[in-house]
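In what follows, a structure is listed as structure tokens, so that the remarks can point back to it.
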Amino acid sequence: MLKFTFRRLSLFVFTMLVLTLLSFSLSFLFPGDTVINHSGQINATPTELVQLNKAYQMDKGLFTQYVAYVSHILSGDFGQSMASQSPIRDEIIELLPATIELSLVALLVAMLIGIPLGFIAAINHNKVSDNAILSMAMLGYSIPVFWLGLLAILVFSIGLGWLPSAGQISLLFEIELVTGIQFIDILLSDSPYKWQAFSDASAHIILPACVVALAPATIFIRLSRAAMIEVLATSYIRAARAKGLSFKQIIFRHAIRNALIQIIRHVGLQFANLVTLAMVTEVIFSWPGIGRWLIESIAQRDYTAIQSGLLVLSCFIFIIHILTDFIYAALNPLARGNKYGS
């Protein structure tokens, strides 16, 4: 397990170096002064520009400039937003928890829907229910997320009036920010209306989470179906049948447990796809997350925010990949071999 951990951490460090190199290179590709693209201080005075050039080592070689840029990133200095002229670090700290909250809830919804349906399709392989579930999965994967979000607002918010169409929580509730994740902050709050606030926050997250979860859920259907079919064809399942175990006992005691292990290693890959969908969904539902902020930064040509936002989102997604790999390795000792993660 120590070698496995070292391999994953080495891969993480290498990947982050590549990401910082890409982010550093964007400053030279964007129009304008490179040091302003690094710092975001578009209104800097001549004296401040001299100080910035010295801080980012702009009078030296590219390697020295890159080292200076990385040192600023490691110290938490992402520069200032060109649009708001506020520190990007503060905006990321404020907005990233909302994206994490939406993504985790959507991932949970996708797994709760997709995995059981995939198992049902595998158990009824080549039957009517199997074909129906696969057809629904293909249809769900083909629906564009922006069209689905607008349709959900039209039907469930405007038409039926069941769910709110925008925001994270109603303005009637004042919840003090502690962690940035709305549900945790509500539970930590001393407000006498915290359970009403919890119910209101739950109503606000249902529509965006379901919209984000649809495409990953269809992928989980196919993954879990393939994993279950593979498990049901193994020798130990045939041995369990020969011992006289009922089909129900085989499924719940042996097949599901082993099929889930194979699905876990794909969760990290689906989480990256899910975060990408969440960025578009945050714009549609006015969700105060980093995806919406990043898209607005692109529209405003806020180059410093674009670099920092991509770097933070990529780092966050890669950390989820590593955690998923550790969980999979803990459940499957064979995954700790030399070939895994190389």
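The figures follow:
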| read-out | value |
| --- | --- |
| Hits in the stretch 94-118 - residues which are buried (at least 22 other Cβ atoms within 10 Å of the Cβ) and either among the β-branched types (Val, Ile, Thr) or outside the structural domain of residue 130 (by TED's automatic domain parsing) (or both) | 99, 115 |
| Residue within the stretch 111-131 that is part of a helix (DSSP H, G or I) and in contact with a Leu (Cβ under 6 Å, 6 or more places away or on another chain) present | no |
| Filter result (free of Cβ contacts under 8 Å to residues at least 60 places away in the same chain, of a type in the set (Gly, Ala, Ser) and in contact with a Leu (Cβ under 8 Å, 6 or more places away or on another chain)) within the stretch 196-226 | 203 |
| Pick from the stretch 163-175, criterion under 22 Å from the mean Cα position of the chain (by Cα) and either of a type outside the set (S, T, N, Q) or more than 19 Å from residue 92 (Cα to Cα) (or both), ranking: surrounded by the most Cβ atoms within 10 Å (Cβ to Cβ) | 169 |
| Top-ranked residue in the stretch 195-207 [being surrounded by 17 or more Cβ atoms within 10 Å (Cβ to Cβ) and not β-branched (Val, Ile, Thr); ranked as farthest from the chain's Cα centre (by Cα)] | 197 |
| Among (1) out of contact with any Leu (no Cβ under 9 Å at 6 or more places or on another chain); (2) touching a residue at least 40 places away in the same chain (Cβ under 8 Å) - the single one residue 107 does not satisfy | (1) |
| Helices (runs of 4 or more DSSP H) enclosed by the stretch 244-304 - at least 1 residues per element that are modelled with pLDDT under 80, surrounded by fewer than 24 Cβ atoms within 10 Å (Cβ to Cβ) and over 17 Å from the mean Cα position of the chain (by Cα) | 247-250, 256-264 |
| Residue pairs meeting the criteria (Cβ under 6 Å; at least 6 apart or on separate chains; first free of Cβ contacts under 8 Å to residues at least 24 places away in the same chain, in the stretch 11-32; second of a type in the set (A, V, I, L, M)) | none |
| Qualifying position, being buried (at least 17 other Cβ atoms within 10 Å of the Cβ), of a type in the set (Phe, Trp, Tyr) and either in the same structural domain as residue 213 (by TED's automatic domain parsing) or touching a residue at least 60 places away in the same chain (Cβ under 8 Å) (or both), among 146, 78 | 78 |
| Residue 237 in the same structural domain as residue 169 (by TED's automatic domain parsing), of a type outside the set (Gly, Ala, Ser) and touching a residue at least 40 places away in the same chain (Cβ under 8 Å) | no |
| The stretch 185-194, subset buried (at least 16 other Cβ atoms within 10 Å of the Cβ) and under 25 Å from the mean Cα position of the chain (by Cα), residue nearest to residue 99 (Cα to Cα) | 185 |
| Residues of the stretch 45-77 satisfying the condition of being hydroxyl-bearing (Ser, Thr, Tyr) and over 35 Å from the mean Cα position of the chain (by Cα) | 45, 47 |
| The stretch 275-310, subset β-branched (Val, Ile, Thr) and in contact (Cβ under 8 Å) with a residue 40 or more places away in the chain, residue nearest to residue 31 (Cα to Cα) | 304 |
| Filter result for the condition that a residue is touching an Asp or Glu at 6+ places or on another chain (Cβ under 9 Å) and among the β-branched types (Val, Ile, Thr), over 178, 109 | 178 |
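Residue by residue, here is whether (1) aromatic (Phe, Trp, Tyr); (2) surrounded by fewer than 14 Cβ atoms within 10 Å (Cβ to Cβ); (3) touching a Pro at 6+ places or on another chain (Cβ under 8 Å) holds:
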{"position": "142", "(1), (2), (3)": "no, yes, no"}
{"position": "161", "(1), (2), (3)": "no, yes, no"}
{"position": "177", "(1), (2), (3)": "no, yes, no"}
{"position": "183", "(1), (2), (3)": "yes, no, no"}
{"position": "211", "(1), (2), (3)": "no, no, no"}
{"position": "214", "(1), (2), (3)": "no, no, no"}
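The values are calculated or read from the model by the stated rules, or taken from the named source; none is laboratory data. Just so it is clear, the structure is predicted and the values come from calculations on it, not from any experiment. Every residue, glycine among them, receives a Cβ derived from its backbone with ideal geometry; neighbour counts consider all protein chains shown.
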